[in-house]
Amino acid sequence: MLASVNSTYTDVMTSVFSSPIAAKAWFASAAGALAIVQVTTGARIFGKLRGVIRLPYPVVQRVHRWSGRLAILCTLPVAFHCIFILGFRSTDARVLAHSIVGSFVYGLLAVKLFFVRDREHPGWVLPLAGGTVFAALAALWGTSAYWYFTNVRFGF
């Protein structure tokens, strides 16, 4: 059963990209770019960067929500590939760090989303939770997509 899922996944990914790993690197990069949008719009929502992001508050909120949704969507094929095809690995320090941080990323995201809806917490908690998710995604991108683009190949 898993072999057919793996071959179907590979067929879908290689219809656009040169390999499933290249697809994973590009989806992770898209999620990383959207995470930068998340951090900047989140800072604007909390009153920072008013001089930099001059969009009206409701527009900034909408951009923040949709960039977050799209970022999560971009992480799904990456997570599928990492969890079901590659699995937890410890072949070297980079791969071990990637596996450990990757094990926590959706839990961190769940905590952040919980604090978005819960209004009974100190004002510093939500930025801390969002920043932690961003740091985890940056670490994951650095130990996977960046490594791929600089050591394997830069391309589709």
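Points worth noting:
- Unique residue being at pLDDT below 90 and farther than 16 Å from residue 46 by Cα when the list is 95, 152: 152
- First in segment 112-127 and over 16 Å from residue 42 (Cα atoms), second anywhere and assigned to a helix (DSSP H, G or I), Cβ under 8 Å, 6 or more apart: 121/115
- The C-beta contact set for segment 78-96 (first residue of a type in the set (Val, Ile, Thr), second residue exposed (fewer than 13 other Cβ atoms within 10 Å of the Cβ) and in a loop (DSSP other than H, G, I, E, B), distance under 6 angstrom, 6+ apart or interchain) comprises 95/89.
- In segment 128-148, the residue that is surrounded by the most Cβ atoms within 10 Å (Cβ to Cβ) out of those that are over 18 Å from residue 64 (Cα atoms) and without any contact (Cβ under 8 Å) to a residue 40 or more places away in the chain is 136.
- Yes/no for residue 68 being surrounded by fewer than 14 Cβ atoms within 10 Å (Cβ to Cβ) and out of contact with any strand residue (DSSP E or B) (no Cβ under 7 Å at 6 or more places or on another chain): no
- The set of residues in segment 1-60 being at pLDDT below 85, surrounded by fewer than 17 Cβ atoms within 10 Å (Cβ to Cβ) and assigned to a helix (DSSP H, G or I) consists of 2, 3, 4, 5, 6, 7, 8, 10, 11, 12, 14.
The values are calculated or read from the model by the stated rules, or taken from the named source; none is laboratory data. Given the structure is predicted, the values throughout are model-derived calculations rather than measurements. Because the Cβ atoms are built from the backbone with ideal geometry, glycine has one as well, and the counts that use them run over all protein chains shown.
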